[in-house]
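Let me begin by presenting the structure, written as structure tokens, before commenting on it.
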Amino acid sequence: MRLSRIYLETDITLQHRVELPTAAAHYIKNVLRLKEGQQITIFNGMDSREFTARIEFVRKTVTATPLTITENNLESPIHSSIIQALGKPEHIDFIVQKSTEMGVNRICLFNSERTQHHLKAERLQKKLDHWKSIMISACEQCGRNMLPEIEFVTELESALQSNTDSDRIVLDFAGAGFDQISPDFSNAKSFAMLIGAEGGLSETEISQARQAGFIPCRMGPRVLRMETAAIAILALVQHQFGDMN
């Protein structure tokens, strides 16, 4: 039987008891209704290791004592980055969740010309914490032990400058099909995928991306929603060059 998985943002050492955060403790006691002495899997997102741990109830807290350690590397053989213009909050949440499940390594969000509500500095940390919590839940569910990186930059230029992936794709309805551009990829080991907000990227932004080495790519004959496009291009890359084949 597959054990329930809990992320802990702390160092984990065999036989050293750790206290679970309030939300995780509530989940263990009131949702899963586990009993004292039962086991869960815990991980901290720092590497591919996970621990089988025994839970105990100490007054109002729940603790976990790691008993065994396992190397469980479910990371894709390719490094993938989503560079995503901010759109509606629920659509960004969907992209963060699903791309984490699909093995993305990095998500870079930015304010684009067509972003309707720009993210302000005073709300940044709250939003980053929110997106990280979505990633954690996705990793707990899908079996990943390493959390993707997530960052926000104020404009596309900064997002392009921060990218280090060798193969680069920008979704553009005027671009060529994926099969046509894939022979142009240099080593097929490191991909960045640039996606616009609702309404897509502006001509100026597409020109910026092309100057930064991004190859325009069309995702078939139909116009996809922002959140569909991000997951579709990641699925194509993971199928062709990663581990979803």
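Tell me, which residue of the range 73-99 that is polar (S, T, N, Q) and out of contact with any helix residue (DSSP H, G or I) (no Cβ under 7 Å at 6 or more places or on another chain) is surrounded by the fewest Cβ atoms within 10 Å (Cβ to Cβ)? Walk me through how you get there before you give the answer.
Going through the range 73-99, the residues polar (S, T, N, Q) turn out to be 73, 76, 80-81, 84, 97, 99.
Okay, now just the ones that are also out of contact with any helix residue (DSSP H, G or I) (no Cβ under 7 Å at 6 or more places or on another chain), so 73, 81.
Values: Asn73: 10, Ser81: 25.
Across the range 73-99, the extreme among qualifying residues is Asn73.
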With the structure loaded, tell me whether Ala138 is touching a residue at least 40 places away in the same chain (Cβ under 8 Å) and under 20 Å from Ala85 (Cβ atoms) or whether it fails that test. no
Could you check His118 against (1) touching a Leu at 6+ places or on another chain (Cβ under 8 Å); (2) within 18 Å of Thr154 (Cβ to Cβ); (3) surrounded by 14 or more Cβ atoms within 10 Å (Cβ to Cβ); (4) without any contact (Cβ under 8 Å) to a residue 60 or more places away in the chain and say which number it fails? (3)
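Each row is one residue, and each column tells you yes or no for (1) closer than 30 Å to Gln116 by Cβ; (2) over 23 Å from the mean Cα position of the chain (by Cα); (3) at pLDDT 95 or above; (4) not hydroxyl-bearing (Ser, Thr, Tyr).
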| site | (1), (2), (3), (4) |
| --- | --- |
| Tyr7 | no, no, yes, no |
| Thr22 | no, yes, no, no |
| Phe57 | no, yes, no, yes |
| Thr65 | no, yes, yes, no |
| Glu75 | no, no, yes, yes |
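Matching residues to (1) among the hydrophobic types (A, V, I, L, M, F, W, C); (2) under 28 Å from Ala159 (Cβ atoms); (3) not assigned by TED's automatic domain parsing to the domain that holds Asp129:
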{"position": "Gln15", "(1), (2), (3)": "no, no, yes"}
{"position": "Ala23", "(1), (2), (3)": "yes, no, yes"}
{"position": "Ile40", "(1), (2), (3)": "yes, no, yes"}
{"position": "Val58", "(1), (2), (3)": "yes, no, yes"}
{"position": "Val62", "(1), (2), (3)": "yes, no, yes"}
{"position": "Gln84", "(1), (2), (3)": "no, yes, no"}
{"position": "Lys98", "(1), (2), (3)": "no, yes, no"}
{"position": "Met102", "(1), (2), (3)": "yes, yes, no"}
Residues being under 23 Å from the mean Cα position of the chain (by Cα) and either closer than 21 Å to Gly87 by Cβ or not in a helix (DSSP H, G or I) (or both) - total across the range 152-184: 20
Given (1) of a type outside the set (Ser, Thr, Tyr); (2) free of Cβ contacts under 8 Å to residues at least 60 places away in the same chain; (3) not in a helix (DSSP H, G or I), identify the lone condition not met by Gln84. (2)
Would you mind finding the one in Ala197, Ala192, Ala176, Ala159 that is in the same structural domain as Lys132 (by TED's automatic domain parsing) and over 28 Å from Lys132 (Cα atoms)? Ala176
Only one of (1) assigned to a helix (DSSP H, G or I); (2) more than 22 Å from the chain's Cα centre (by Cα) does not apply to Ile231, and that is (2)
Return the total of residues in the range 50-72 being buried (at least 16 other Cβ atoms within 10 Å of the Cβ) and of a type in the set (D, E, K, R). 1
Here the residues within the range 103-113 that are in a loop (DSSP other than H, G, I, E, B), buried (at least 20 other Cβ atoms within 10 Å of the Cβ) and of a type outside the set (S, T, N, Q) are Gly103, Val104
For the range 160-197, give me each residue that is touching a strand residue (DSSP E or B) at 6+ places or on another chain (Cβ under 9 Å) and among the charged types (D, E, K, R). Asp165, Asp167, Arg168, Asp172, Asp184, Lys189
Given (1) surrounded by 11 or more Cβ atoms within 10 Å (Cβ to Cβ); (2) more than 19 Å from Asn145 (Cα to Cα), index of the condition Gln15 fails: (1)
In the range 185-223, the residues that are in a helix (DSSP H, G or I) and either exposed (fewer than 15 other Cβ atoms within 10 Å of the Cβ) or at pLDDT below 95 (or both): Glu203, Thr204, Ser207, Gln211
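The values are calculated or read from the model by the stated rules, or taken from the named source; none is laboratory data. Worth saying up front: this structure is predicted, and the values here are computed from it rather than measured. Cβ sites come from the backbone with ideal geometry, for glycine too, and all protein chains shown count toward neighbours.
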